[in-house]
Amino acid sequence: MLELRPDSPTPLVNQIIDGLRELIDSHTLKPGAKVPSIRAFAATYSVSTFTVVEAYDRLVAQGVLTSRGNTGFFVSRATTERLEDTVRGGDSAPPSFNAEWYLQQIFETRQLPFKPGCGWLPNDWMYEDGLRRGLRQVAGSPLELSGYGDPLGLPELRTLTAQNLQQELSIVANPAQLMLTHGASQALDLAVRTLVRPGDVVLVDDPGYPNLMSILRFQGATLVGVPRTPNGYDLDHLERLLTVHQPTAFFTQPHLHSPTCSRTPLAQLHRLLQLANQHGFRLIENNLYADMIAEPQPCLTSLDHLQQVVYVGSYSKSISPNVRVGYLLANPDLIQQLLTLKMRSGLTTSQVMERVVYSAVIDGRWRKHLKRLRQRLAQAHQEVGAHLQRLGFELFVESDEGMYIWARHPALPDSAVLLDEALSHGMMLGPGQLFTVDAQATGWMRFNVAFSTAPELWALFERLLAKHVPVARA
């Protein structure tokens, strides 16, 4: 029997859905069992038939119930089998430890209490109020539901993005050279599939972005790592690599590099462009964290004017990962190739969501949000850096910008040894080997500062660390 409370703030429809789900999960209602008819349920619990209809319809849409013509509603066998598979799967051996495993785990463990290894910001750091206003504004306007929208993306958002890039980063680009994508990940995937052929040698930052490395390997590329230093690139090493390997492209993140949060000096950017022209390879500049840079400086794209450089950016880091709106800039010939591939693989991007982002960004509070975000990140860098140094960690760079700190303990040669036990205590870490090209064990770890300020996290982390290294206290 269900217990429905008309005086509860939870709508009766939701109470019915939750109650039936609980009966199914506990096997009180078994697979294939018939549930009461709409009229019988309404009479038993003194609710309207309209309420029951809506609840049953939602449960059918969720795959919990099935409707069989005139015979009524039944518990779906498929749902129960999926639940049982999930339970059985908890006892199976974990998959091999690599970037693909990490990519899956980090999204499956979003509800863990401690997430210093994740790659997004906490909910209350996002632009929630601006996103809500954007949603209300779009919902209150006439919607075009019969078409797919502009292949390049919403013209208003492309124009605004181009204007902001010119104003803030000195990137001069016509909106016709800017294509909106389903987040930065799609932009990188389109660039990889357009510019890289199976067997091509491709340079990447080392350490670098695991998702990008997976995309490149799936394309059949041979990855060669360009070492990152606290002061940018190891240019001498890079020049030796160019002579030996003759790469097709270099996918790189010059500023607020993930995972190290290092920045590249202007002189190195000029030299990198010279090398690209001299050796004939493309540069794909991933500037995913541009909104978090307190004092912008020239980037590869602003210096090159989209001759050899392709630029990737996103609104997902500073508004919300769920909006999935990124963008890609390239010269006119290349943008047409990228557009053709975008249309071939997924048609257009969501114009509805692009309108929401446009409405959020033109809001007068957008720049105040970015200023507040940078201030919070700077404060978190100070707090988290102090915690790590107290425990004996070495910081790759000392910064007050961006989301990450890259750090290692001299007595911990393999940070991955902490991973399983940390997960069992509700903590997702970012062990360093996930970010390296050769995936070799390393003591380096990536900490997301926005998720690493809680005293409870550091108390737990210190206990875990003490099992592997002597913890030094200040």
### Query
If you add up the charges near residue 170, with Lys and Arg at +1 and Asp and Glu at -1, over every other residue whose beta carbon is less than 14 angstrom from its beta carbon, what do you get?
-4
### Query
Which of the residue pairs 342/368; 115/317; 317/467; 342/371; 30/115 have a Cα-Cα distance greater than 26 Å in the structure shown?
342/368; 317/467; 342/371; 30/115
### Task
May I ask you to work out the translational diffusion coefficient for the stretch 351-474 at 20 °C, viscosity 1.002 mPa s, via Stokes-Einstein with Rh from the Kirkwood sum over Cα pairs, reported in whole µm²/s?
133 µm²/s
### Summary
Debye calc, one equal point scatterer per Cα of the chain, no solvent, log10 I(q)/I(0) at q = 0.11 1/Å comes to -1.02
### Message
Taking 2.2 N^0.38 Å as the expected size of a compact globular protein, what ratio does the Cα radius of gyration of the stretch 128-361 give against it, to two decimals?
### Response
1.01
### Query
At 222 nm, what helix-only mean residue ellipticity would the chain give, in deg cm²/dmol to the nearest 500, using -39500 (n - 2.57) for each DSSP H run of four or more?
-13500 deg cm²/dmol
### Task
Note down the net charge around residue 305, summing +1 for each Lys or Arg and -1 for each Asp or Glu among other residues with Cβ under 15 Å from its Cβ.
-2
### Message
To test your reading of the geometry: what angle, between 0 and 90 degrees and rounded to tens, separates the Cα axis of helix 77-89 from the longest principal axis of the chain?
### Response
50 degrees
### Task
Find, among the GluC sites (Glu not before Pro) in the stretch 374-474, those assigned to loop by DSSP (not H, G, I, E, B) with at most 14 other beta-carbon atoms within 10 angstrom.
398
#### Entry: Under the Karplus curve 6.51 cos²θ - 1.76 cosθ + 1.60, θ = phi - 60°, whole-Hz ³J(HN,Hα) for the stretch 258-269, x wherever Gly or Pro sits
9, x, 8, 6, 7, 10, 9, x, 4, 4, 5, 4
### Task
Would you mind checking which residues have amide H under 5 Å from residue 206's amide H? H placed 1.01 Å from N; only 5 or more apart, or other chain.
226, 228
#### Entry: the chain, dipole about Cα centre (Lys/Arg Cβ +1, Asp/Glu Cβ -1), debye to the nearest 20
700 debye
### Query
Of 237, 281, 326, which is farthest on the positive side of the dipole of the chain, counting Cα position, with +1 on Lys and Arg Cβ, -1 on Asp and Glu Cβ, and the Cα centre as origin?
326
### Query
Which is the longest part of the chain that has none of the trypsin sites (Lys or Arg not before Pro) sitting in a DSSP loop with at most 13 other Cβ atoms within 10 Å?
111-364
## Note on the structure
For the chain, whose charge dipole is built from +1 on Lys and Arg Cβ atoms and -1 on Asp and Glu Cβ atoms, the candidate among 251, 70, 348 with its Cα farthest towards the positive end is 70
### Message
What does DSSP give for the chain in terms of the percent of beta bridges that are antiparallel, rounded to the nearest 5?
### Response
55 percent
### Query
Which angle from 0 to 90°, rounded to the nearest 10, does the C-alpha axis of helix 99-108 make with the longest principal axis of the chain?
40 degrees
## Note on the structure
Its Cα gyration tensor gives the stretch 12-85 an equivalent ellipsoid whose semi-axes in whole Å, largest first, are 20, 13, 11
### Task
Would you grab the residues whose amide H sits under 5 Å from the one on residue 118? Only those 5+ places off in sequence or on another chain, please, with H modelled 1.01 Å from N.
448
### Query
By how many degrees, 0 to 90 and rounded to 10, does the Cα axis of helix 332-346 deviate from the longest principal axis of the chain?
20 degrees
### Task
Could you work out the Rg to Rh ratio of the stretch 140-222, with Rh taken as the Kirkwood radius (inverse of the mean 1/r over all Cα pairs)?
1.08
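Just so you know, all these numbers are worked out from the coordinates, no wet-lab data involved. Predicted, not measured: the structure shown is a model, and the values here were computed from it. Counting neighbours? That spans all protein chains shown, and the Cβs are built from the backbone with ideal geometry, glycine included.
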